[in-house]
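The values are calculated or read from the model by the stated rules, or taken from the named source; none is laboratory data. Quick caveat, the model's predicted, so the values are computed rather than measured. Note that we place each Cβ from the backbone using ideal geometry, even for glycine, and neighbour counts take in every protein chain shown.
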Amino acid sequence: MKHSKQATLDLITFTHQVAMSLHRVGLAGAGVDIKTFHKLGKKWQQEAMQLNDKLTKFALRHKMREFSATNDDHVRELLYETLDYPILVRTRNDGLAAVNKPTLERLIEEAPENKEGKAFINDFIAFNKADKLASTWYGKSDETKKHKPSVGDLIKPIDGRVDLGLLHFWIFPLRARTGRRASGGGEEGDPDSRNSQNWPKPARKIIVSRWRRGQIAICDFSKLEVVIMAWRAQDEKLLDFFTKGEGYIGVAKEFWGQDVKDGTPLYKATKSFVLGLNYGMGTYKLAEDLWYKARLRFSEDYDEHVARTDKERKRYLRTFDGLRRYIKARHREVIDTQQVLSPTGRTRHLPHHGEPARGDGSKAYFHWKHTLNSAINYPIQSFASEVTGSAIVDYEEALLKEHKISYRDWHMALLDHPHAPPCSPVFNEVHDELDLDLHPRSGKRDLEILVDCMRSGRTLKKMVPDFDLKLKVDVQIVKSWGDAN
């Protein structure tokens, strides 16, 4: 795909527009229910303390001289030496036995007869969840500044309000290698910020409207990356399933030849095929996802399951041939040019030394596989961020026109009085989701404007006229971010 010099200039202008709109998202901030924040925070702290005590007593009963639930080496010793679990997965960088959640869940399944171990693992997973909530979202950072500030450190008080604070999310337009957004850190070094995107559901309950008895709207593009992949791969069959048809259920009926219900192993397996193979997932990783996540097993013998997975993977790529051609084209592009272009002309450089010996297990081979997957992934993820960026830019333009407010006055209102802006601000972007704080007077109309901008993608279509789709948007109006599905 060739891009003119003018298109590149347009992309630069668009990038600056998105950057400024995201800056104003940060200025707007999100409302924090202070009472709920403290109630949940103290609950998380208590749960973490009780579980830590339980884990420590378990370790001491099993003859360990010292134990800390936050020390991975102690957990490894207890699991793999004392409790004699098999090592299923090793960390890529240092080759140590893995103790992450997916590996621990696999241990329970591989050795169901180990009742003591199962109880410890379940308590350890629960501790990690409570401890992270308590420290990241509630606790105070230490005075040495070795750790990022917690959410509790970053809530800004509002004069005259003891029930509400503001938490400002700073989102960076070009920091992530995938082309997606990155958040957290500092806006030009100051102020600090926490990641605004990967919040667990319990922590989301603290985010509310800044207006008393107000509501927020969670607006989410429906299956955006799948739609973009189908469009970019020119696979009309896949595109129809996710723009006009039944989505995963339709794909499942086409691929498996039977009706499938949401939540069943076959439905989950279909999602694994669609999402995994959209990004070039190989047979072994797909087989693992089907076995442990989807709970779809083609055979009780794992090797036979892998062999059948390979056949089904190839059949899926024959079924959606545009996807197969797209993957091959991206491989050729990165091999020939050592870079890959997004549909807007944004470039990701992917230097390499060519393909090493196949399957030799070396870091060079893993780097090569990662390079190929990045070549498939980048154009889609990058373009998805352009879609949401365009929606924010278009929303601000249409919103200010509707309310007869200049950009300068809008910017200054968010800068000086973020607790009381004149209309509804977008306060967060989470991948394919835009979050809107609904103004008591104009919220209904403002939401209509945002949804129209998300569906239309007017600014983006000026750069990429071929992207002529009308996108689907799901809207939930809730009292707290945590109430959304």
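Structural remarks
- Some residue of the range 89-96 being under 30 Å from P173 (Cβ atoms) and either touching a helix residue (DSSP H, G or I) at 6+ places or on another chain (Cβ under 8 Å) or without any contact (Cβ under 8 Å) to a residue 60 or more places away in the chain (or both): yes
- Long-range neighbours under 7 Å by Cβ, at least six apart or interchain, first residue under 11 Å from E433 (Cβ atoms) and modelled with pLDDT of 95 or more within the range 464-485, second outside any strand (DSSP E or B) and not polar (S, T, N, Q): V473/V451; V473/M454; V473/R455; V475/V451; Q476/A484; W481/R204
- Some residue of the range 451-469 being more than 24 Å from L11 (Cβ to Cβ) and in contact with a Ser or Thr (Cβ under 9 Å, 6 or more places away or on another chain): no
- One residue from D437, D452 being acidic (D, E), over 17 Å from the mean Cα position of the chain (by Cα) and crowded, with 23+ Cβ neighbours inside 10 Å: D437
- Residue list for the range 385-410, filter: among the hydrophobic types (A, V, I, L, M, F, W, C), assigned to a helix (DSSP H, G or I) and out of contact with any strand residue (DSSP E or B) (no Cβ under 8 Å at 6 or more places or on another chain): V393, A398, L399, L400, W410
- Helices (runs of 4 or more DSSP H) lying entirely in the range 173-271 (those with 2 or more residues that are among the hydrophobic types (A, V, I, L, M, F, W, C)): 224-232, 236-243, 248-256
- Matching option when the condition is among the acidic types (D, E) and surrounded by fewer than 17 Cβ atoms within 10 Å (Cβ to Cβ), among D10, D33, D73: D73
- Test for Y378: is it at negative phi, hydroxyl-bearing (S, T, Y) and assigned by TED's automatic domain parsing to the domain that holds G29: no
- Here P86 clears all of (1) free of Cβ contacts under 8 Å to residues at least 60 places away in the same chain; (2) under 27 Å from the mean Cα position of the chain (by Cα) except the condition numbered (2).
- Just one of the numbered conditions (1) surrounded by 15 or more Cβ atoms within 10 Å (Cβ to Cβ); (2) modelled with pLDDT under 95 is not true of D360: (1).
- Filter result (in a loop (DSSP other than H, G, I, E, B), at pLDDT 85 or above and of a type outside the set (G, A, S)) within the range 338-357: Q338, P343, T344, R346, L350, P351, H352, H353
- Residue check for F221: in contact with a helix residue (DSSP H, G or I) (Cβ under 9 Å, 6 or more places away or on another chain), buried (at least 21 other Cβ atoms within 10 Å of the Cβ) and free of Cβ contacts under 8 Å to residues at least 40 places away in the same chain: no
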